[in-house]
Every structure is written in structure tokens, then in C-alpha cells.
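Okay, so here's the structure we're looking at.
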Amino acid sequence: MKRYAEAEEHLRAAVALNSLDAAAQELLGESLQGQDRLAEAKNAYGFALGIKPTHVPSLIGLASIALTEGQNRSAENYATQAVELDPGNLEANLLLSEAYFRNGDFNAAYGQVLSARNLGSTNAALFFLTGKIAYARRMYADALDALQSARALGAATDEVFCYLGLSNLALGDTGEAEKEFRLSIYKNKGNAMAWKGLAETYIKEKRWREAGEAVEQAARIDASDPETLLDGAAVRMGTGDLNGAVRTLEALRARAEYPSITDYYLGHAFLRMRNDAEARAAFQRFVRTWEGDQALLDEAKAIVDRLAP
């Protein structure tokens, strides 16, 4: 019933009667976690594991808190233990898949979420996780299908709408993408990913004023985000401010690590400025580092060959 404070009161009474009751300690952790008292919840889960090291619900609780706190490697470790102890536990499988996803291991995440789907129970959370992992693996049609299933089952968070927008945009449906991004922003104006997606939608449609406004909103949330800077450079190129675009892109390229697509944009900016030498150098860097869309790689190689001295 999510009446966590009342639950805590009774569970503390239970623990006082028998401090070695692992189930009571774990439930106490749940009641504290439900009140966002995460440090206390972790202590309760840890106490339960001290009593019974194979207590799966406590491992699930610690994995969940680790994800909340951004401790994704710890989450993966706890969830892995839980799945090994109880392979048929849907929540443990979902947490492990989410941890893999956040750690950038999209293949492992996809395999794990498929295992979860094979358990026979489906819900909105499972479809949403499937959708965002499929999107990360560039399986855009599969992502859209899973995300639509999540929405049909009642999922209506800003994240769901944002990934629906991203999937539609990747599939070329800018009208649906704009609608979904707008819904995401309506739910949460602080969703930077939705603002960036909206900017990229407008860039694709060459609606430069709206694109610039969306970039400004994303920059208010995180002005140093590489994707936001790239979108800003694209808007400058679209409006003819080539020098401004180059300044932005060169500043981004000066970072120790920068997105390789930066060199693709730089190459095109220099091409428009008729600076063939700099354009060729940028496209050469892009060819050496790009691991994405093959069409962009082929285009860059053709330009490098065409600009050869």
C-alpha cells in the first residue's frame, strides 16, 4: 500500500523481537527505501545479508539503490549475484539489464532483457527497458515497437516519450518525433535529452529558429554537453554562421575525448568556407575514428579522395 512510515514502525517492532530475522530486516530496508532514506535502507539490507548471504531480496534492494545513486558497477555486481541465486526472478533480471545498459554494455543488456522476457511475465517496465536498449543498439524499428507496447501498458513518463521521439527520429518520422519530444518536455522540462532530440528534429527539417531555441533550452541544463554543442554548431552552419560553427567545433575537438562526428561537421564547415586543406584533414580524422553509420563513412572517404592534392 506504500504506507512506508507505518510499515517501518511495525518492522522495527519485529526486528526488536528477533534481530536475526533476515526477512524482517530486508522489509525494513524496503520501508526505508520507500521514504528515500537510502543510507539506512542499505544498512538494513546489509544486515539481512549478514544473517543470510544468499538473501535475494536484499541483493535486489542494494542493486536498486546503487542504480539510484549512479553506482552502476555496484548495481551490476549485486544484480548478478541475485540472478545467479534466482535465475527466474524478473526484478533481478531487469536490474541486471539496466546496469549493463548504464555501463554501456548494450549487447549484454539486450541478452539479459531477452532472458527476462522469456520468464513469461510482461509489463511496461520490461517493454520500456527493451525499447531503450534496442535504440542504443540501433534497432530502431524494434525499439519503437517495444516502446509503443510500454505506452499501451500505461507507461507515460518523460523518458518513455523521449525514447519514442528518438526512435521516430531515427526512422525518419520527424512529425511523430516532434510530438513525442514535446510530450516528454511537458512531463519534465529538465529532460535535456528531449530538448536535444527536439533540436535535432528541427535541424533535420531546417527549421533553424526553433532548433536554436531548443538548443538554448538544452544548454541551460548542461552547457558543456557535447551533443548540445554539436547541435549548436549545426544551427550556426544552417544559418550561415560558419565561423561561429568552426569556433564551437574546434573548442569541442580540443577536449581530451570528443565525439568523432565533430570532425564530420568540421569538414563540411571548412568545405563551405572553401578551405579544402582543413576540410580534408577533418574528414581524414573522421574516417580514422568513426564507428557509426556506414553511409557517413563512405561519404567522408569520397570527399577525402576528391580533395587529394
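The values are calculated or read from the model by the stated rules, or taken from the named source; none is laboratory data. Bear in mind the structure is a predicted one, so any value in this text is a computation, not a measurement. So basically every Cβ, Gly included, is an ideal-geometry build from the backbone, and we count neighbours across all protein chains shown.
Quick look at the numbers
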{"read-out": "Test: residue in region 277-292 that is crowded, with 16+ Cβ neighbours inside 10 Å, in contact (Cβ under 8 Å) with a residue 24 or more places away in the chain and aliphatic (A, V, I, L, M)", "value": "yes"}
{"read-out": "Exclusive hit being at pLDDT below 95 and of a type outside the set (A, V, I, L, M, F, W, C), set Ser74, Ser19", "value": "Ser19"}
{"read-out": "Any hit, region 214-228, residues being surrounded by 23 or more Cβ atoms within 10 Å (Cβ to Cβ) and under 18 Å from the mean Cα position of the chain (by Cα)", "value": "yes"}
{"read-out": "Tyr264, sole failed condition from (1) under 26 Å from the mean Cα position of the chain (by Cα); (2) more than 23 Å from Gly244 (Cβ to Cβ); (3) surrounded by 15 or more Cβ atoms within 10 Å (Cβ to Cβ)", "value": "(2)"}
{"read-out": "Residue check, Ala302 over 27 Å from Trp208 (Cα atoms), over 28 Å from the mean Cα position of the chain (by Cα) and buried (at least 17 other Cβ atoms within 10 Å of the Cβ)", "value": "no"}
{"read-out": "Output for region 33-50, where each listed residue is more than 20 Å from Ala79 (Cα to Cα) and touching a residue at least 12 places away in the same chain (Cβ under 8 Å)", "value": "Gln35"}
{"read-out": "Helices (runs of 4 or more DSSP H) within region 175-254 that include 1 or more residues modelled with pLDDT of 95 or more, among the basic types (Lys, Arg) and more than 24 Å from Phe270 (Cβ to Cβ)", "value": "192-204, 208-221"}
{"read-out": "Odd one out for Tyr202, checked against (1) in contact with a helix residue (DSSP H, G or I) (Cβ under 6 Å, 6 or more places away or on another chain); (2) closer than 21 Å to Ala109 by Cβ; (3) crowded, with 17+ Cβ neighbours inside 10 Å", "value": "(2)"}
